[in-house]
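Asks: To start, I am sharing the structure in question, which I have written as structure tokens.
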Amino acid sequence: MRADLALAGAAFLFGTTFLVMQDAVDDVEPVPFIVARFAIGALVLLPVVVVRARSGIPARARTTVLRDGALAGLALAAGYVFQTTGLQYTTSSVSAFLTYLLVVFVPLLSAIVLRRAPRRSTVAGIALAVVGLYLLTEGAGIGFGRGEVFSILCAVSFAIHILVLSEVVRRHDLPTLNTVQFGVVAVALFVPGALVGGYAFPASAWWAAIYTGIVVSVVAFGLQTWGQQRVSPSRTALVLMLEPVFAAVLGYADGERLGLAGAFGAGLILAGILLSEWGNPALDAST
């Protein structure tokens, strides 16, 4: 129960990201905002890393955590650039549902990288999600434009991030790995951020960066990691599917409306994600 509550709390905090960042990118450029957010997250975790380092971390472990954290950080940076840019052109609710297509992309990318054909239920789940995507955008009158394209690219980037972490997360101290990830995002995007808008944020954008840097990056990632150590990956994915639901509820409270077709499309996306994640014995029997 505590693990489920931790994951639900992470899903809620992740869901608030879309609305908070959408308001922030009205005032500042996306890339500088991402730099500020993850620099704050890295600085908050840094004292924890220093204390742990004093207890003695082998030189080889330090080298591998930098390498693995850099790989994960680059995928994370790409995902947040696409997500934050997409929020300039679409609603927070649509962005949230499209971003969570990452759960569908993970088995597809695994099939390409590991040469393993996806289960039939995965293919069926993808088909449901594609139909839902159509209803969520075209059917709801939103249209499939730049915001939706960026949101889907964000989902692909986050799927790559998950695959990278799945290979490296058990090798390292988690606060150290997260600090390296966050630091790589900030360093990799610092110069582009200075060129495309700079860091002279209004107070409202700084508050949004502080909120997402501490509450979302540090706390939500911490809750998710803690929960994942105690429940299965499938159960983790199921609970985290609350994220786009929370985002849609918060978006509704802020005045956003998906409409009947859009809401049905969002439901189909969630159903496709669930089918892809859990499978179906009848469909997969001969796979």
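Asks: Basic (Lys, Arg) and modelled with pLDDT of 90 or more: is that true of ARG2 in this structure?
Replies: So ARG2 does not fit the description; no.
Asks: If VAL81 satisfies every condition in (1) under 17 Å from PHE201 (Cβ atoms); (2) in contact (Cβ under 8 Å) with a residue 12 or more places away in the chain; (3) hydrophobic (A, V, I, L, M, F, W, C) but one, which is the exception?
Replies: Condition (1) is where VAL81 drops out.
Asks: May I pose another question? Output the residue which, of all residues in region 61-92 that are among the hydroxyl-bearing types (Ser, Thr, Tyr) and within 29 Å of ARG171 (Cα to Cα), is modelled with the lowest pLDDT. Spell out how you get there, then give the answer.
Replies: At the first step, the residues of region 61-92 found to be among the hydroxyl-bearing types (Ser, Thr, Tyr) are 63-64, 80, 84-85, 89-92.
In the following step, the residues that additionally are within 29 Å of ARG171 (Cα to Cα) were identified as 63-64, 80.
On the way: THR63: 76, THR64: 86, TYR80: 86.
My answer is THR63.
Asks: Okay, moving on. Please enumerate the residues belonging to region 129-146 that are surrounded by fewer than 21 Cβ atoms within 10 Å (Cβ to Cβ), part of a helix (DSSP H, G or I) and modelled with pLDDT of 65 or more.
Replies: Listed by number, the residues that qualify are VAL130, VAL131, TYR134, ARG146.
Asks: Among (1) part of a helix (DSSP H, G or I); (2) in contact with a helix residue (DSSP H, G or I) (Cβ under 8 Å, 6 or more places away or on another chain); (3) of a type in the set (Gly, Ala, Ser), where does SER166 come up short?
Replies: So the condition that SER166 fails would be (2).
Asks: Continuing with the same structure: Does any residue in region 3-30 that is under 21 Å from VAL191 (Cα atoms) and free of Cβ contacts under 8 Å to residues at least 60 places away in the same chain come within less than 6 Å, Cβ to Cβ, of a residue that is crowded, with 17+ Cβ neighbours inside 10 Å and of a type in the set (Val, Ile, Thr) six or more places away or on a different chain, and which pairs are these?
Replies: Hits for this filter: PRO30/THR84; PRO30/THR85.
Asks: Tell me yes or no: at least one residue of region 163-183 is within 14 Å of the chain's Cα centre (by Cα), closer than 24 Å to LEU87 by Cα and at pLDDT 85 or above.
Replies: Yes; the residues of region 163-183 include at least one that is within 14 Å of the chain's Cα centre (by Cα), closer than 24 Å to LEU87 by Cα and at pLDDT 85 or above.
Asks: Something else: Pull up region 171-217, narrow it to residues that are small (Gly, Ala, Ser) and outside any helix (DSSP H, G or I), then point me to the one that is surrounded by the fewest Cβ atoms within 10 Å (Cβ to Cβ).
Replies: Taking the candidates together, the pick is ALA200.
Asks: How many of the residues making up region 93-128 are of a type outside the set (A, V, I, L, M), part of a helix (DSSP H, G or I) and at pLDDT 70 or above?
Replies: Selection size over region 93-128: 9.
Asks: Now a separate question. Which of the numbered conditions does GLY255 fail, given that it passes all the others? Conditions: (1) at pLDDT below 70; (2) closer than 28 Å to ILE40 by Cα.
Replies: (2)
Asks: Let me ask another. Against the conditions (1) surrounded by 24 or more Cβ atoms within 10 Å (Cβ to Cβ); (2) under 21 Å from VAL180 (Cβ atoms), where does ALA70 fall short? Just the number, please.
Replies: (1)
The values are calculated or read from the model by the stated rules, or taken from the named source; none is laboratory data. None of the values given here were measured: they were computed from a predicted structure. Glycine also receives a Cβ, built like all others from the backbone with ideal geometry; neighbour counts cover every protein chain displayed.
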